[in-house]
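Engineer: Got a structure here, written out as structure tokens. Questions coming.
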Amino acid sequence: MPASLSHITTWIFDLDNTLYPSSCDLFALIDAKMGVFIQELLGVDAIEARRIQKGHFHKHGTTLSGLCREHDINPKDFLDFVHDIPLDRARPDPALKAALLALPGRRLVFTNGDAAYANRVLDALDLSDCFECVFDIYAADLVPKPDPRPYAALCTHLAVDPVRAIFVEDMVRNLKPAKDLGMATLWINNGSEQAEAIACPSFVDHETHALSDWLAHMMERKYA
């Protein structure tokens, strides 16, 4: 039986591949634009650009963080470019919206992207009215998950008591800092490349393949 969630007063959600299914594959569009940005920045071909991109992602947490540290780019130029994608793949899920609105307490989005992109996605998903605010990469002083600092900053700036919060995320490594702060954790195990699946890590309290189903089941059980 899963641990009780009756104490939760703040629900914190990652954005990409969490509030919409990984089958939407918005990241493929972003990924392609990251490659183009690196090709133009460094004058390399597509194969080398991808090698550099993935190297930064694994070493620094995000491609952006690596480019800022190693190539001194303007983060806004990068974010504006890679997030300029069509969002027709992101379609509303009425069941998810109903489940989110039924949750007691606060609902927040915590993303390594920027708020402008996050709000566009939430609009496309018809979820904008489900969340109090977006804590984005700028609010985190450009320090991405899974660095522990933005988790602490979110709690400080938004007055979140971590022991009464749950963090929902598809990238399992990003759950560890939340667990270390005392948050409950829910892993959206969607099988995507970015999820980096690890079998039953100690910092995962709950696991699901479908967020709306899990939330609905949890509400039916009244957090017991």
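The values are calculated or read from the model by the stated rules, or taken from the named source; none is laboratory data. These figures come from a predicted structure and were not determined experimentally. Quick reminder, even Gly has a Cβ in these numbers, built from the backbone with ideal geometry, and neighbours come from all protein chains shown. When the accessible area is computed, the model is the full protein with side chains, heavy atoms only, and any ligands, DNA or RNA have been set aside. Shrake-Rupley method; radii C 1.70, N 1.55, O 1.52, S 1.80 Å.
Engineer: For ILE30, work out the one condition from (1) in a loop (DSSP other than H, G, I, E, B); (2) closer than 19 Å to LYS145 by Cα it doesn't fulfil.
Structural biologist: The single condition ILE30 does not satisfy is (1).
Engineer: List the residue pairs whose Cβ atoms are under 9 Å apart, where the first residue sits in the stretch 54-76 and is closer than 14 Å to ASP141 by Cα, the second is of a type in the set (Val, Ile, Thr) and assigned to a helix (DSSP H, G or I), and the two are 6 or more positions apart or on different chains.
Structural biologist: Sorted first by the residue in the stretch 54-76, then by its partner, the pairs are LEU64/VAL82.
Engineer: Could you grab me the full set of residues in the stretch 156-193 that are under 12 Å from the mean Cα position of the chain (by Cα) and open to solvent by 20 Å² or more (accessible area, probe 1.4 Å)?
Structural biologist: Selection gives MET171, ARG173.
Engineer: Moving on. Out of the residues in the stretch 47-106 that are closer than 30 Å to LEU5 by Cα and in a loop (DSSP other than H, G, I, E, B), which is most open to solvent (accessible area, probe 1.4 Å)?
Structural biologist: Step by step, filter the stretch 47-106, then rank; the result is ARG91.
Engineer: Okay, next question. Tell me whether the stretch 100-111 contains one or more residues that are at pLDDT 95 or above, polar (S, T, N, Q) and either under 23 Å from ALA153 (Cβ atoms) or in contact with a strand residue (DSSP E or B) (Cβ under 6 Å, 6 or more places away or on another chain) (or both).
Structural biologist: Yes, the conditions are met somewhere in the stretch 100-111.
Engineer: If you go through the stretch 209-223 one residue at a time, do you hit one that is modelled with pLDDT under 90, outside any helix (DSSP H, G or I), within 24 Å of PRO104 (Cβ to Cβ) and charged (D, E, K, R)?
Structural biologist: Among the residues of the stretch 209-223, at least one is modelled with pLDDT under 90, outside any helix (DSSP H, G or I), within 24 Å of PRO104 (Cβ to Cβ) and charged (D, E, K, R), which makes the answer yes.
Engineer: Here's a follow-up. Looking only at the stretch 148-191, which residues are at pLDDT 95 or above and part of a loop (DSSP other than H, G, I, E, B)?
Structural biologist: LEU158, ALA159, VAL160, ASP161, GLY182, MET183
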